[in-house]
Amino acid sequence: MSVPYAIFASGSGSNALSLMEEGKRLGQKPAFVLCNVADAPVMAKARASGVKVVFIESKCGASEASFEQAALDALKEHNVQWIFLAGFMKILSHNFLRQFKSNDSFDYFQVVNIHPSLLPDFPGLRGYEKAYASEKEEFGFTVHLVDEKVDHGPFLLQYILKRKNDDTEESFKKRGLRFENEYYPQVLSEILKRGHTYIAEQLNGHQIIKE
Ligand code: GRF
């Protein structure tokens with residue numbers, strides 16, 4: 001069964017590309033990639049992959065009703081059921097999220113995000129930089145369902161990397177992003193194939209992977 005989904009991205013789009021590639025592999029291309037930043041490289045990546053781009057210009061940061069209404073119109077037109085945020089730098093309001101409420105006994109929004117820290121540590125911008133500066137021994141990323149708070153909501157997967165002696169801020173980001181690009185598509189695949197069964201399993205105890 002095909003599950004209509006969309007990818008939202010604002011930047012370079014390495015995660016968006018890895019999701020598009022996984023979607024193609026599964027024979028389920030995204031309905032579109034939505035981008036809110038005029039010069040974001042993700043749009044060229046989507047076009048090169050043969051994926052439709054919906055561009056709705058907006059500022060990054062706080063939610064905006066006009067942006068959300070335009071996005072909802074596109075999402076409804078394509079009957080989108082799931083949204084995957086991949087470096088999308090804009091907050092989505094409760095009014096927007098509630099349009100994607102799941103139909104099952106667990107109450108969640110069918111919107112997924114990837115954040116470059118081991119949440120609840122370091123929400124907000126520059127997760128890898130903050131983890132590096134903290135001198136914590138472990139860092140990584142979190143894939144989670146989105147709720148009304150920023151970088152918050154039930155975890156689906158956390159990937160934990162160990163700090164190495166010769167690590168730098170740059171190497172944190174590079175290593176982290178490589179595994180983001182490998183594991184975010186696995187979450188996409190689980191959701192497209194197993195939907196609520198997969199979500200329910202993770203809500204009982206999310207997947208933790210160590211380097
Ligand atoms: C990634 O680190 C992601 O976790 C965060 O923003 C970055 C986006 O990178 N939300 P890219 O645009 O997917 O390359």
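Values in this text are rule-based calculations from the coordinates and carry no lab data. Model, not experiment: these values are computed from the prediction. Backbone-built Cβ (ideal geometry, glycine too); neighbour counts: all protein chains shown.
Each Lys and Arg contributes +1 and each Asp and Glu -1, all at the Cβ; summed about the Cα centre of region 45-84, the dipole is approximately 260 debye.
Excluding same-chain neighbours fewer than eight residues apart, the aspartates and glutamates reachable from K29 by a Cα-Cα span under 13 Å are E21.
Enter the mean projected area of the convex hull around the alpha-carbon atoms of region 49-105, in nm², rounded to one decimal.
Numbers: hull surface 19.6 nm².
Mean shadow area of the hull around the Cα atoms is 4.9 nm².
Packing around the peptides 202-211, 1-10, taken as the average count of other Cβ atoms within 10 Å per residue, puts them in this order, highest first: 1-10, 202-211. Both the radius of gyration and Dmax for region 1-45 are 10.5, 35 Å, in that order, over alpha-carbon atoms.
Listed by chain and number, the lysines whose C-alpha is less than 17 Å from the C-alpha of K130, apart from same-chain residues fewer than 8 away, are K162, K164, K173, K174.
The charge dipole of region 53-211, taken about its Cα centre with unit charges on the Cβ of Lys, Arg, Asp and Glu (plus for the first two, minus for the last two), comes to roughly 160 debye.
Volume per residue, Å³, of the convex hull around the alpha-carbon atoms of region 1-123?
Working: hull volume 14.7 nm³, N = 123.
Spelled out: Cα convex hull of region 1-123, divided by residues, is 120 Å³.
Residues whose amide H comes within less than 5 Å of that of I209, counting only those at least five positions distant or on another chain, are Q158, Y159, I160 (H built at 1.01 Å from N in the peptide plane). Under 5 Å from the amide H of L34 lie the amide H atoms of I7, F8, A9, V54, each residue being 5 or more positions distant or on a separate chain, with H modelled from the backbone and absent for Pro and chain starts.
Backbone geometry of region 32-45 corresponds, through the Karplus equation with coefficients 6.51, -1.76 and 1.60 at θ = phi - 60°, to 3J(HN,Hα) couplings of 5, 9, 9, 10, 10, 10, 3, 9, 5, x, 4, 5, 5, 4 Hz, x marking Gly and Pro. Note on A65 and N79: their simple-model spin labels are 3.1 nm apart, each label 7 Å out from Cα toward Cβ.
Using the Cα centre as the reference, give the magnitude of the dipole from point charges on the C-beta atoms of region 1-137 (Lys, Arg: +1; Asp, Glu: -1; all else neutral), rounded to the nearest 20 debye.
On the way: 14 positive and 14 negative charges, 68 e Å.
Once rounded to the nearest 20, the dipole reads 320 debye.
The modelled label-to-label distance for the pair T197/R126, using points 7 Å beyond Cα in the direction of Cβ, is 4.5 nm. Taking 15 Å as the cut-off, the amide N atoms of region 170-211 that come nearer than this to a point 7 Å along the Cα-to-beta-carbon line of K164 belong to 170-179, 211. The Cβ shell under 14 Å around F109 holds other residues with a net charge of -2, Lys and Arg each +1, Asp and Glu each -1. Using θ = phi - 60° in the Karplus curve 6.51 cos²θ - 1.76 cosθ + 1.60, the 3J(HN,Hα) couplings for region 68-82 round to 5, 5, 5, 5, 4, 4, 5, 5, 5, 4, 9, 6, 5, 9, 10 Hz; x is entered for Gly and Pro.
Across region 15-31, coupling constants 3J(HN,Hα) worked out from phi with the 6.51/-1.76/1.60 Karplus curve, θ = phi - 60°, read 5, 4, 5, 5, 5, 4, 5, 5, x, 5, 4, 7, x, 9, 5, x, 4 Hz, and Gly and Pro carry x. Taking every pair of alpha-carbon atoms in the chain, give the share separated by more than 29 Å as a whole percent. Taking all Cα-Cα pairs of the chain, the fraction more than 29 Å apart is 20 percent. Note on region 172-211: the alpha carbon radius of gyration divided by the globular reference 2.2 N^0.38 Å gives 1.32.
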